[in-house]
Amino acid sequence: MKTDLEIVQDKINNMDEERDPEIEAVLIKHRHPDLVEDYILAITDNGDATVDLDQEMQTLVVAVVPQLFSVINNMTEETIGYMISNHSSLIDDLVYHNRDMVIQAITDNPEIIPEPGDTIGRLDKHLQKLFIEHDPLWIMGFSRSPGGLDPKLAAQKDIALGAFFVANPDVYAVVSDPGLTDLRYLEHLTARQYKDASDLHGHDAFEVIDRKLNII
């Protein structure tokens with residue numbers, strides 16, 4: 001006897017481009033990436049068309065096959081927020097398709113902005129500024145992004161880092177180059193943690209920016 005997933009695969013293989021509520025119910029239950037991808041491609045002419053999806057299906061698509069987000073014709077702010085929070089490497093494509101909604105989603109809920117240091121796609125100056133206003137360490141994070149930090153924002157690096165340290169009085173330094181240690185890029189270190197890391201790895205094994213904005 002065939003399993004539910006095998007039955008669904010057979011239906012997908014023989015379906016037209018109309019959505020099927022029964023198939024979607026099984027996909028939502030099992031969250032199988034390959035089946036979700038096959039289904040979405042089947043109802044969008046192999047990705048060449050777009051489709052309106054309810055929120056539950058939108059969430060499923062961006063959770064298990066985020067690379068197919070662009071086929072969703074009626075993306076909601078909730079879906080945009082999920083993409084920004086969980087798939088920041090795709091944000092340049094997301095902005096290309098839904099720039100106004102991306103800006104609105106971030107303005108309404110800045111908490112969806114990922115942590116500085118996460119892999120991030122190319123962003124224009126306005127969006128970079130929104131990220132930096134939420135967390136000043138993004139001014140360093142963007143320096144490692146594919147598009148780099150906007151030159152006009154780069155001139156504000158010391159101001160942004162100074163604001164970060166003022167807002168975080170317990171942070172002695174931020175890791176600017178972890179080298180081959182187990183430290184993370186942009187990891188926050190207290191004075192004690194910095195000393196312990198230096199004792200463990202040696203002063204020359206990694207690099208930090210301290211509260212006086214010195215690179216040590």
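The values are calculated or read from the model by the stated rules, or taken from the named source; none is laboratory data. Remember, predicted model here, so these are calculated numbers, not experimental data. With ideal geometry, Cβ positions are generated from the backbone for all residues, glycine too; neighbour counts draw on all protein chains shown.
Could you tell me how many of the residues in region 17-46 are in a loop (DSSP other than H, G, I, E, B), loosely packed, with under 15 Cβ neighbours inside 10 Å and touching a residue at least 24 places away in the same chain (Cβ under 8 Å)?
So in region 17-46, the residues in a loop (DSSP other than H, G, I, E, B) come out as 17-20, 31-32, 44-46.
With the extra rule that they be loosely packed, with under 15 Cβ neighbours inside 10 Å, the set shrinks to 17-18, 31, 45-46.
Next cut, touching a residue at least 24 places away in the same chain (Cβ under 8 Å) only: 17-18, 31, 45.
Of the residues in region 17-46, 4 are in a loop (DSSP other than H, G, I, E, B), loosely packed, with under 15 Cβ neighbours inside 10 Å and touching a residue at least 24 places away in the same chain (Cβ under 8 Å).
For region 51-79, the tally of residues that are among the β-branched types (V, I, T) and either touching a Phe, Trp or Tyr at 6+ places or on another chain (Cβ under 9 Å) or at pLDDT below 95 (or both) stands at 4.
Just name the residue that is farthest from the chain's Cα centre (by Cα) out of those in region 158-168 that are buried (at least 17 other Cβ atoms within 10 Å of the Cβ) and not aliphatic (A, V, I, L, M). Per the criteria, the residue is F165.
How many residues are more than 17 Å from N98 (Cα to Cα) and in contact with a helix residue (DSSP H, G or I) (Cβ under 8 Å, 6 or more places away or on another chain) when one looks only at region 37-80? Don't jump to the end; show me each part of the working.
Of region 37-80, the ones more than 17 Å from N98 (Cα to Cα) are 37-48, 54, 56-57, 60, 63-65.
Narrowing the set further to residues that are in contact with a helix residue (DSSP H, G or I) (Cβ under 8 Å, 6 or more places away or on another chain) leaves 37-42, 44, 47, 56-57, 60, 63-65.
Matching residues across region 37-80 total 14.
Being surrounded by 12 or more Cβ atoms within 10 Å (Cβ to Cβ), closer than 25 Å to D92 by Cβ, acidic (D, E) and modelled with pLDDT of 95 or more is a property that does not hold for D196. D92 meets the conditions (1) among the acidic types (D, E); (2) in a helix (DSSP H, G or I); (3) at pLDDT 95 or above in every case but one. The failed one is (3).
Screening S143 against (1) crowded, with 18+ Cβ neighbours inside 10 Å; (2) free of Cβ contacts under 8 Å to residues at least 24 places away in the same chain; (3) within 22 Å of the chain's Cα centre (by Cα) leaves a single unmet condition, (1).
Considering only residues in region 95-126 that are among the small types (G, A, S) and part of a loop (DSSP other than H, G, I, E, B), the one that is farthest from W138 (Cα to Cα) turns out to be G121. Here V171 qualifies as part of a loop (DSSP other than H, G, I, E, B), in contact (Cβ under 8 Å) with a residue 12 or more places away in the chain, among the β-branched types (V, I, T) and more than 27 Å from Q67 (Cα to Cα). The lone criterion from (1) modelled with pLDDT under 95; (2) in contact with a Leu (Cβ under 6 Å, 6 or more places away or on another chain); (3) within 26 Å of A49 (Cβ to Cβ) left unmet by P116 is number (3).
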